[in-house]
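Here the structure is laid out as structure tokens; the discussion comes afterwards.
Please treat every number below as a calculation from the coordinates, not as lab data. Bear in mind that the values here come from a model prediction, so they are computed numbers and not experimental data. Here Cβ is always computed from backbone atoms with ideal geometry, including for glycine, and neighbour counts include all displayed protein chains.
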Amino acid sequence: MKEAQLWDEFCKEARFTSDYTLMCDKDLNAFIEASGSDWGPSRPEIDRSKLRQILTESLPDETIKWGHRLQRVEEGNKLVFEHTTESGFDLIVGYEGAWSKVRNFTTTVTPHYTGIGYNELSIPNAEQTAPRLFKIVRGGNVFAHSNGRRFSVQQIGDGSLRIGNGSVRPENWMQSCKYDPYDLEQTKKAILEELHDWCPQLREAVEKAQGKCEPRNLYSKMDLS
């Protein structure tokens, strides 16, 4: 960021005291707890959306061509989009994750389900709405593990806390879970039942959740054969 002359913009959005991490069990008993100098050099956090905004806004106009959804890559480094085709590239970089159209050009391995499904929730304005939990997170991350489940709480730059509830599930769990995974109240009730013997502080993270409710499956394109 310094070499790109974007350090000042980065510093406006980065959180330099957010490198606290607690790896613990369901009762907040620590397996690993570290922050600051424990990690070595400074490890500031910045929300991905803010970093992307800083980088894209620094580029000359017309550098990025929006509205081009890639369909596939063909021989000769040809990019086939929905409504046009471009070619003549020396280097193509794809960063669309497991379902990358660029990666499809280089491998026949198809994405496979990892066996992990999760719910993502959010607590807005957490310092006021969930002060006890806010202090536990300390501007960083809490990862609690127990019986095939990982429950995470992450500080976000807008003051919210992002909640993740992941566990081993069948790929069709969204259809078979007997609740609407897109409905916040139904999801909160189901998670609290699953976390019935977890500590009150982590259960509070579910109870305080508001707004968005996103169910997801995790896929990988690693060749495990």
Discussion item. With a 10 Å cut-off between alpha carbons and a GNM built on the chain, which of His196, His145, His83 moves the most?
Written reply: His83
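Rounded to the nearest 500 deg cm²/dmol, what is the calculated helix-only ellipticity per residue at 222 nm for the chain, with -39500 (n - 2.57) per DSSP H run of length n ≥ 4? Kindly include the intermediate steps, with their values, before the conclusion.
Details: 8 runs with 55 residues, N = 225.
Result for the chain, helices only: -6000 deg cm²/dmol.
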Response to the item:
Listed residues Trp173, Trp99, Trp198; largest mean-square fluctuation, Gaussian network over the chain with Cα springs below 10 Å, found at Trp99
Discussion item. Taking just the alpha-carbon atoms of the stretch 65-111, what radius of gyration and Dmax come out, in angstrom?
Written reply: 10.6, 29
Item to complete: Measure nothing but the geometry: give the 0 to 90° angle between the long axis through the Cα atoms of 184-194 and the longest principal axis through the Cα atoms of the chain, rounded to 10°.
Response: 60 degrees
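Can you give the relative contact order of the stretch 114-219 as a percent, counting alpha carbon pairs under 8 Å and 6+ residues apart? Working shown, then result.
Numbers: 191 pairs, mean separation 43.0, N = 106.
The value is 41 percent.
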Worksheet item: Taking GluC sites (Glu not before Pro) as exposed when DSSP calls them loop (any state but H, G, I, E, B) and at most 11 other Cβ atoms lie within 10 Å, what is the longest stretch of the chain free of them, the sites themselves excluded?
Response: 97-225
Practice prompt. Cross-chain or 8 or more residues apart, Cα under 17 Å: how many lysine pairs in the chain fit that? Count them up, please.
Written response: 13
Discussion item. Taking 8 Å as the Cα distance limit and 6 or more residues as the minimum spacing, I'd like the relative contact order of the stretch 51-122 as a percentage.
Written reply: 19 percent
Item to complete: Take the chain, connect every pair of alpha-carbon atoms lying under 10 Å apart with a spring to form a Gaussian network, then pick out the residue of Phe81, Phe89, Phe16 with the largest mean-square fluctuation.
Response: Phe89
Fill in: Rg and Dmax [Cα atoms of the stretch 114-219; Å; Rg one decimal, Dmax integer]
13.1, 37
Response to the item:
Of all DSSP beta bridges having both residues in the chain, the percent classed as antiparallel (nearest 5) is 90 percent
